[in-house]
Amino acid sequence: MSRLVAEAIRTGRLTLLPLQVEHAEEMAAVLSDPALHTFIGGAPDTPHALRSRYQRMTAGSPEPAVSWLNWVIRLRDEDCLTGTVQATVGPSAHGLVAEVAWVVGTPWQGRGIASEAVQGLVGWLGRQPVHTVIAHIHPEHGASAAVATAAGLTPTDVWHEGEIRWQRSMGC
């Protein structure tokens, strides 16, 4: 099976744009709040570090059967980037599995942007040969649990590195 390729995804208020290295400077500002790292650890990247990271990400997975799909979230009315969504898609015993993740900058939180973006992403994945969508969410991260719920994922009793696995079968 060939790799999947990220393409623009449009929702009511957003455009999910395939990640480009050129997004690094604006995204460094979007992701600059240390509070965004409360549940995931680490610290905000500098524009230079983010540019290097984006270069690695856009080069793609070194594993031929794995697709790294990354988007920036553009809020059309304000013409600005507000966060990211991503999916790592790879084979499993039951078909392709997409592990998704998201982050929205602090100034844009509480406006439904993450929910809308993840619903758009999961909808797009549903039009690909993806069997299952999963996310790993810290048990105390209520906002991410709400985003996952809005996208049709439900919690399982599987734990991974201190996080709960959420999942949705796509019916492939």
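We did not get these values from a lab; they are worked out from the coordinates using the rules stated. Because the structure is predicted, anything quoted here is derived from the model rather than measured. Neighbour counts are summed over all protein chains in view; Cβ atoms, including those assigned to glycine, are modelled from backbone coordinates with ideal geometry.
How big is D for the stretch 1-44, in µm² s⁻¹ as a whole number, if Stokes-Einstein is applied with the Kirkwood radius of its Cα pairs at 25 °C and 0.890 mPa s?
Values: Rh = 13.0 Å.
Reported coefficient: 188 µm²/s.
With a/c under 1.5 counting as rounded, go ahead and sort the stretch 40-129 into rounded, prolate or oblate using the C-alpha gyration tensor (a ≥ b ≥ c being the square roots of the eigenvalues; past the cut-off, prolate if a/b is larger than b/c, else oblate). Please report the intermediate quantities before stating the final value.
On the way: a/c = 2.14, a/b = 1.28, b/c = 1.68.
Because a/c hits 1.5 or more and a/b fails to exceed b/c, the stretch 40-129 counts as oblate.
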Would you calculate the separation in nanometres between label points at T156 and T46, each defined as 7 Å from the Cα along the Cα-to-beta-carbon direction? 4.0 nm
Label-point gap, in nm, between D77 and A35 - each point 7 angstrom along Cα→Cβ: 2.2 nm
Contact order normalised by residue count of the chain, Cα under 8 Å, 6+ apart, percent: 19 percent
Report the rotationally averaged projected area of the chain based on its alpha-carbon convex hull, in square nanometres. 9.6 nm²
